[in-house]
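Taking it in order: structure first as structure tokens, then the write-up.
The values are calculated or read from the model by the stated rules, or taken from the named source; none is laboratory data. Fair warning: this is a prediction, and the values are worked out from it, not measured in the lab. Cβ placement follows ideal geometry from the backbone for every residue including glycine, while neighbour counts extend to all protein chains displayed.
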Amino acid sequence: MFDFIKGKLVRKSSGSVVLDVGGVGYSISTTLTVFDKLPSIGDEFSISVHLHLKENPISVQLFGFADETERDCFLQIISVSGIGPKSAMTILSAIHYTEFIGLIAKGNYLPLTSISGVGKKTAERLALELKDKIGKIGSASSHSTAYSRIKASSKDEEIINALMSLGYNRIESEKMLRTISGKDGFSEMPVEEIIKGILRGK
């Protein structure tokens, strides 16, 4: 029914936004990927959406995504038996959708078990049911572009993994790394010193 919604940003948080469209406020649940793209309050913003209808009890909810590829990924996840929209949003907030696509394409479900609410059986089911479908999400070129945008060097990856082991999700870890990677002497700094610097906010 809805492909996207464009309106003035009224409220925002790490899990939802409210857009004013012609005097009507649309409350939209979002992934953390969306949060990083949000403009200032009062600015106009366009977001890809999915209108989810549920029976028993009846409910209608809007879910918002960074782009069409993330939305397609969400739709594939909820097509798996036993996985609902809430769990799908948790997965796509814990890891970037391009990383999820890469893991499923390789049949590597183990990293998914570190996500809250995703046990080994659920992760196995995701890998089994989506492996042959995941390549159909978006175009090959869009996957390549998106994945190269977050592709990290081995040193960056080590830092990101260390931050994730401390409880941060991948998006948060990448954002924290970006705050320090442009500083003088970064490439020569030991990984341990970089992590300490990030955690100290320096």
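When only residues in segment 5-46 that are closer than 21 Å to G84 by Cα and hydrophobic (A, V, I, L, M, F, W, C) count, which is nearest to the chain's Cα centre (by Cα)?
L32
Anything in segment 169-192 that is exposed (fewer than 12 other Cβ atoms within 10 Å of the Cβ) and outside any loop (DSSP other than H, G, I, E, B)? List them, or say none.
R178, S187, E188, E192
Of all residues being within 11 Å of V49 (Cβ to Cβ) and of a type in the set (A, V, I, L, M, F, W, C) in segment 1-36, which is surrounded by the fewest Cβ atoms within 10 Å (Cβ to Cβ)? Just the residue, please.
M1
In segment 20-43, what count of residues is obtained for those that are of a type outside the set (A, V, I, L, M, F, W, C) and in contact with a Lys or Arg (Cβ under 6 Å, 6 or more places away or on another chain)? Walk me through it before giving the result.
Just the residues of segment 20-43 that are of a type outside the set (A, V, I, L, M, F, W, C), to begin with: 20, 22-23, 25-27, 29-31, 33, 36-37, 39-40, 42-43.
Imposing the further condition that a residue be in contact with a Lys or Arg (Cβ under 6 Å, 6 or more places away or on another chain) reduces the set to 20.
Total satisfying the criteria: 1.
Could we say that I47 is assigned by TED's automatic domain parsing to the domain that holds L130, among the hydrophobic types (A, V, I, L, M, F, W, C) and within 25 Å of K175 (Cα to Cα) here? Full working, then the answer.
Details: assigned by TED's automatic domain parsing to the domain that holds L130: no; among the hydrophobic types (A, V, I, L, M, F, W, C): yes; within 25 Å of K175 (Cα to Cα): yes.
Criteria not met by I47.
For L128, only one of the following conditions fails: (1) part of a helix (DSSP H, G or I); (2) closer than 19 Å to L163 by Cβ. What is its number?
Of (1) part of a helix (DSSP H, G or I); (2) closer than 19 Å to L163 by Cβ, only one is false for L128: (2).
Can you name the residue in segment 37-50 that is under 11 Å from F65 (Cα atoms) and modelled with pLDDT of 95 or more and, of all such residues, is surrounded by the most Cβ atoms within 10 Å (Cβ to Cβ)?
Filtering first and then ranking leaves I47.
Mind telling me which of the residues S14, S48, S87 ends up being over 28 Å from K136 (Cα atoms) and polar (S, T, N, Q)? Quick ask: steps written out before the conclusion?
Values: S48 fails: over 28 Å from K136 (Cα atoms); S87 fails: over 28 Å from K136 (Cα atoms).
Just one listed residue meets the conditions, S14.
Please pick out the residue among F63, F45, F74 that is in a helix (DSSP H, G or I), touching a residue at least 12 places away in the same chain (Cβ under 8 Å) and touching a strand residue (DSSP E or B) at 6+ places or on another chain (Cβ under 7 Å).
Values: F63 fails: in a helix (DSSP H, G or I); F45 fails: in a helix (DSSP H, G or I).
Criteria check complete, one pass: F74.
Restricted to segment 162-202, and to residues that are of a type in the set (K, R) and within 22 Å of the chain's Cα centre (by Cα), which residue is modelled with the lowest pLDDT?
We begin by selecting, within segment 162-202, every residue of a type in the set (K, R); these are 170, 175, 178, 183, 196, 200, 202.
Right, trim to within 22 Å of the chain's Cα centre (by Cα) and you get 170, 175, 178.
Numbers: R170: 73, K175: 78, R178: 79.
Ranking the qualifying residues of segment 162-202, first place goes to R170.
Can you pull out every residue in segment 112-156 that is at pLDDT 60 or above, loosely packed, with under 11 Cβ neighbours inside 10 Å and within 21 Å of S181 (Cα to Cα)?
S153, S154, listed by residue number.
Within segment 83-98, restricting attention to residues that are part of a loop (DSSP other than H, G, I, E, B) and modelled with pLDDT under 90, which residue is surrounded by the most Cβ atoms within 10 Å (Cβ to Cβ)?
Initial filter on segment 83-98 (part of a loop (DSSP other than H, G, I, E, B)): 83-84, 95-96.
Retained after the next criterion (residues that are modelled with pLDDT under 90): 95-96.
Values: I95: 22, H96: 24.
Residue satisfying both the conditions and the ranking: H96.
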